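Colleague: One structure, as structure tokens, below. Some questions next.
The values are calculated or read from the model by the stated rules, or taken from the named source; none is laboratory data. Please read these numbers as outputs of a predicted model, since none were measured by experiment. Using ideal geometry, Cβ is built from the backbone for each residue, glycine included, and neighbour counts are taken over all protein chains shown. Ligands, DNA and RNA are stripped out before the accessible areas are found, and what is left, the full protein with its side chains, is counted by its heavy atoms. Shrake-Rupley method; radii C 1.70, N 1.55, O 1.52, S 1.80 Å.
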Amino acid sequence: MSLNEEVDLLRRVPLFSNIEPSKLKLLAFTSERLTFRAGQSLCVQGEIGDAAYVIIEGQCDVTIDTPNGSLTLATVGQDDFVGEIAILCDVPRTATVTATDEVTVLKISKDLFLRMISEFPQMGVEVMRELAARLERTTIQLREARIAAST
Amino acid sequence: MESSIFRFVLRHSFRQQIMLTLMAAASFPFLYAFYEVPKAIVNDAIQGGTTFPVEIFGVELGQLAYLLVLCALFLLLVVVNQSFKYSVNVYRGLTGERMLRRLRYELYSRVLRFPLPTFRKMSQGEIIPMITAEVEPLGGFIGDAFSLPAFQGGTLFVILAFLFIQDPLMAGAAVSLYPLQVYVIPKLQRRVNRLGKERVRLVRRLSDRIGETVQGVPEIRVHDTSNFALAHFSHQLGLIFGVRYAIYRQKFFIKFLNNFIQQLGPFFFYSIGGYLTITGSLEIGTLIAAIAAHKDLASPWKELLRYYQMKEDARIKYENVVSQFAPPGILDERSQIDDSDISTKLQGELNTANLTLTDDQETSVVDGVSFRFSLDQNVAIVGVNGSGKDELTLLLARLLDPSAGSISVNGNDLSGMSETVTGGRISYVGPQGFIFATTLGENLFFGLKHVPLIAPDYDSDQTIKREREVAEAERSGNNSFDIHADWIDYKAAGVGDLVALRQEALRVLKLVDLGPDIYDLGLRGTIDPDSHPKVAQSILKARRALRERVAKDPNMSSLVETFDRETYNTNATVGENLLFGNPVGADFAMDSLAEDEYVLSVLDQAGLKDTLLSIGYQVASTMVELFADLPADHEFFQQFSFISSEDLPEFQGLLARVDRSQLNSVEAEDRIRLMSLPFKLITARHRLDLIDEDVQAKILDAREIFASSLPDELKDSVEFYDDDRYNSKANLQDNILFGKVVYGEAHASDKVGELIAEVIRELDLEDTVGLVALDYDVGIGGSRLSGAQRQKLAIARAVLKAPDILILSEATASLDAAAQLRLSPALMQEFGNRCLIWSLNNPALAENFDHILVMHNGRVVEQGSYSDLNKDNTQFKQLLAAV
């Protein structure tokens, strides 16, 4: 896959949709494109994270460890963005992301990611929007869990 | 050292000075004849002032023949005089240089013997210019010290005698002011001397200041005190300026006075001589002769005055330097050069009695300490900072001399032993061991190099050369040890030869927790396969084993792209693909491939020249597009760009100037600029889609052409990738891998690294790799190692020489806690029934020691075993609680 194709892919990712193409090209050029085989982990819960990933192709499971074994929270796929929490607030990885088939990602290092956010406020807004959406989902799930527990 | 330069000169070059003076004296008759012959030529031969034929040695000569004989004699005298001058000058230079060599050697050897506290007052910045620049002019002076006054004084004397013979009154008048000169000049000169001394002192302080700035730059920058530093420097420069200006004024005033008095001579000749001639009591011819003679008088007189100034200058410099190099308490020379037997072990009991050390403020840092322990024990010294434990270890290591009291081993006073004995049997490592700018191995073996032991194998020419060197060194009082000899004392390390020593070194490095580091350094190291054929063989074996493993495991085979002559390696750069090897030397350096004529001709033959130019153009425009908006100091330039931020504007201009369709007509400079870009492209990494399969095929053709038509003179400029050969320009890891780790596969390098480690383990090559690390160049002050690695290396060096007593003064304080915990039992075990004295930063580590000394305010307040001391109300308990 060439750089220009990658740029096209990146534009489909909501996070980057408002960023001008030349900057996306820089992002693509300075990011590492990685392939993970099925079963390999993009990030492991509890480890220190230094990068976030944009999934270009393939599917991953997001799981967390619980006392009752691992629990799958979500499945992420093409155009999704994972691993940003650890690099945004310097906490260990909050979940494990494992490739379920062959996954191609663009690995965006922490430095690069933070730099892009500060240079393109639009991207910061997109990150916020994404995080807010996730919070919203989590809140709903929590509420449902509470209701389920109380009945 | 001799207190004055003349004593120094006489003591060490008395014979040479006599020789020089005699040579000067011997030249006088010829010099006289040299003036005499022209007179005879003019008066007798040309003007016919004598009767011909003249008879010389029974041969009768006519006027013409006589002239020719005299001219031949004149020519001979020219040769003789110039030969005299030549040999005197050479001999004088030789004497001066030998004395300079002796002086520098003496000063350096004194630095080695300075008591340690001296270095608190004297910095590198002061010492270095003294030994290098300041003593340099002394060499020149020493050659002149006696011969110049003898020669010029003699000449002066002859001319004066001549003048007085002509007419005493006139001669007396002409030199009447000389006594005044002799009286006034030294007085003025003394003022210049004082200023000269001041100047030397100021310049020394200046260089000290510069040295301090260089070391303290981070502090200056972090506190933004550069203005303060500059003001300080400016102030010092101002002081130097003032002194130098004053010196110039004085010096030129002296010159003025000298010239003035000199010119008074002719004044007296014209007035008094003229008067005498008019009154008829002096012939005009004599007056003219006297004026001519006076003119010749000027030169030696000037030389003598110049000599006087030079002498004063040299005297000051010498005294100034020598006084600095004689600090109180300097070690005796003999303590470093005796031939005591160092094989006797230090055994039995170590005993200190009333051991005291006072600092320069007369405070007792170590205060009447007495203790004893057996030298088969491990001893811990604990205490807070400033308790005197550091100084105590320095006293025990004999790096400081006690102000009072004694240390003895089995009844023998330690201070009575020479450094030869203590240096062989005692090791010491402080909180920051120093690492020298050489290889790791040489750093380790440093502690074993006391004297040359095995003479090198010289052929007859080299032997003669070496003998000459020895003779010359001895003439200058230098030591004549051969630096090329084998200095390593293998016996002391308990081994027989270098091979065994290197094994032992590896063992010690592992002991001090450097095992993994050594493995990594070894893998990154290179070897010369010709001198280490076995290592090269084993690495090739590992290469094959790795290849098999990779081939068997499909997960691995996707991670490595092996070098293959027939295929394009998409994970290597275009340059690497073209050369299919590593450049040796500058001919095919990757950065300048586009400038090499041979490379260009190969590209031309393969039909790649225009292709690469066009690719270069596209790379340039992509780079300009991507990076043009970034600030020039943006880190991306360094990390990712093919074009540096400084060059970017040039490329922008180039792209604006040159259209893509006109690349053929581009200027040579721009062509090189564009063509150098594609060589750095890695297809898999950069994903610019510029090196398509067609281009790859052409590059393969070019690769073939490059190798097959490589001219003989360039054959050594590239080391080709060859599956059956060890590549001397690649490191061990790259040699084993013989390919590239694939870009874009998660954790590829880690996995490949693990696999290589596995292969190395299986083939039992860990030690081979470790041994290669011994040749790793550690950089200036060990800067290519981490702080922890440096410190561990310093400890390993101290352990390797197998001392009877190892003294560690907070030597592991800078290491992390886990490393400290690993090191301490390992060292204790290593020293089994030898003595380990360890001043600990953490008293908890004292648990396993046989004996513990607790220091407080310079005294040993408690001592005993851990269980003795670990009780309520002890100082030791308090120390433990404080951690």
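Colleague: Total Å² of accessible surface buried at the A-B contact, 1.4 Å probe, nearest 100? Kindly include the intermediate steps, with their values, before the conclusion.
Modeller: Details: alone 8760 and 45880 Å², together 52610 Å².
Its buried surface, counting both partners, is about 2000 Å².
Colleague: I've got another one for you. Treat each spin label as a single point 7 Å out from the Cα along the C-beta direction, and report the B:GLU713 to A:MET128 distance in nm.
Modeller: About 6.9 nm, to one decimal.
Colleague: What is the distance in Å between the Cα centres of the stretch B:746-766 and the stretch B:324-401?
Modeller: The stretch B:746-766 and the stretch B:324-401 have Cα centres spaced 49 Å from each other.
Colleague: Relative contact order of the stretch A:3-150: what whole-number percent is it, with Cα pairs under 8 angstrom and at least 6 residues apart?
Modeller: The normalised contact order for the stretch A:3-150 reaches 29 percent.
Colleague: Another question, if that's okay. Could you tell me which of rounded, prolate or oblate describes the stretch B:540-645, using a ≥ b ≥ c as the square roots of the eigenvalues of the alpha-carbon gyration tensor, with rounded for a/c under 1.5 and, failing that, prolate when a/b is larger than b/c and oblate otherwise?
Modeller: Oblate.
Colleague: By DSSP, what percent of the beta bridges with both residues in the protein assembly as shown are antiparallel, rounded to the nearest 5?
Modeller: Working: 58 of 76 bridges.
For the protein assembly as shown, the DSSP antiparallel bridge percentage is about 75.
Colleague: I've got another one for you. To the nearest µm²/s, what D does Stokes-Einstein give for the protein assembly as shown at 37 °C and 0.692 mPa s, using the Kirkwood radius over alpha carbon pairs as Rh?
Modeller: Value of D from the Cα-based Kirkwood radius: 87 µm²/s.
Colleague: Suppose R0 equals 25 Å; then what is the FRET efficiency for B:ALA473 and B:THR344 from their Cβ-Cβ distance, rounded to the nearest 0.05?
Modeller: 0.20
Colleague: Then there is this: Straight-line reach from B:LYS871: which lysines fall under 23 Å, measuring Cα to Cα and dropping same-chain residues less than 8 apart?
Modeller: Qualifying lysines at Cα under 23 Å: B:LYS389.
Colleague: Give me the net charge of A:LEU34's neighbourhood, meaning all other residues with Cβ under 10 Å from the Cβ of A:LEU34; Lys, Arg count +1, Asp, Glu -1.
Modeller: It works out to a net charge of 0.
Colleague: Rounded, prolate or oblate, given the Cα gyration tensor of the stretch B:713-774, with a/c below 1.5 counting as rounded?
Modeller: Oblate shape, in that a/c is at least 1.5 and b/c is the bigger or equal ratio.
Colleague: Between their Cα atoms, which of B:LYS449/B:LYS510; B:LYS197/B:LYS317; B:LYS197/B:LYS311; B:LYS465/B:LYS491 are more than 19 Å away from each other?
Modeller: Too far apart for the 19 Å limit: B:LYS449/B:LYS510; B:LYS465/B:LYS491.
Colleague: Excluding B:ALA380 itself, calculate the net charge of residues whose Cβ lies under 13 Å from the Cβ of B:ALA380, where each Lys or Arg counts +1 and each Asp or Glu counts -1. All intermediate terms of the calculation are to be shown ahead of the outcome.
Modeller: Values: positive: B:LYS389; negative: B:GLU810, B:GLU847, B:ASP850, B:GLU862, B:ASP868.
Value of the local net charge: -4.
Colleague: With every protein chain kept in place and ligands, DNA and RNA left out, what is the accessible area per residue of the stretch B:444-507? Probe 1.4 Å, answer in Å².
Modeller: Heavy-atom SASA per residue in the stretch B:444-507 reads 61 Å².
Colleague: Sticking with this one: Report in % the part of the accessible area of the stretch B:741-796 that belongs to carbon and sulfur, leaving out ligands and nucleic acids; probe 1.4 Å.
Modeller: Here it works out to 45 percent.
Colleague: Still on this structure: How much of the accessible area of the stretch A:1-124, probe 1.4 Å, is carbon plus sulfur, in whole percent? If you can, show how the numbers build up before the last one.
Modeller: Details: 2600 of 5430 Å².
Whole-percent figure for carbon plus sulfur exposure: 48.
Colleague: Which net charge results for the neighbourhood of B:ARG859, defined as the other residues with beta-carbon distances under 15 angstrom from its beta-carbon, given Lys and Arg at +1 and Asp and Glu at -1?
Modeller: In short, -3.
Colleague: Apply the Karplus curve 6.51 cos²θ - 1.76 cosθ + 1.60, θ = phi - 60°, to the phi angles in the stretch A:39-56 and return the couplings in whole Hz, x for Gly and Pro.
Modeller: x, 7, 9, 6, 8, 10, 3, x, 7, 7, x, 10, 7, 10, 10, 9, 7, 8
Colleague: At a Cα cut-off below 16 Å, give the aspartates and glutamates reachable from B:LYS729, other chains included and same-chain residues fewer than 8 away excluded.
Modeller: Result set, ordered by chain and number: B:ASP528, B:ASP530, B:GLU576, B:ASP587, B:ASP716, B:GLU719, B:ASP775, B:ASP777.
Colleague: Among B:LEU75, B:THR50, B:SER109, whose Cα lies farthest out toward the positive end of the dipole of the stretch B:35-161, if unit charges sit on the beta carbon of Lys, Arg (+1) and Asp, Glu (-1)?
Modeller: Working it through, the farthest residue towards the positive pole turns out to be B:SER109.
Colleague: With respect to the cross-link table entries B:LYS187/B:LYS302; A:LYS107/B:LYS541; A:LYS107/B:LYS609; A:LYS107/B:LYS740; B:LYS541/B:LYS698, which display a Cα-Cα separation exceeding 25 Å?
Modeller: Values: B:LYS187/B:LYS302 17 Å; A:LYS107/B:LYS541 36 Å; A:LYS107/B:LYS609 35 Å; A:LYS107/B:LYS740 20 Å; B:LYS541/B:LYS698 33 Å.
Beyond 25 Å between Cα atoms: A:LYS107/B:LYS541; A:LYS107/B:LYS609; B:LYS541/B:LYS698.
Colleague: Taking Cα pairs under 8 Å and at least six residues apart, what relative contact order does chain B come out at, in percent?
Modeller: 18 percent
Colleague: Rounded if a/c is under 1.5, else prolate if a/b is larger than b/c, else oblate: which is chain B, with a ≥ b ≥ c the root eigenvalues of its Cα gyration tensor?
Modeller: It comes out oblate by the Cα gyration axes.
Colleague: Which value at 222 nm does chain A reach when only helices count, each DSSP H run of 4 or more adding -39,500 (n - 2.57), with the total divided by all residues and rounded to the nearest 500 deg cm²/dmol? Walk me through the numbers on the way to the answer.
Modeller: Values: 5 runs with 66 residues, N = 151.
Taken over chain A, the calculation gives -14000 deg cm²/dmol.
Colleague: Oh, and also: Quick one: check the C-alpha center-to-center distance for the stretch A:84-125 versus the stretch B:487-544, whole angstrom.
Modeller: 44 Å
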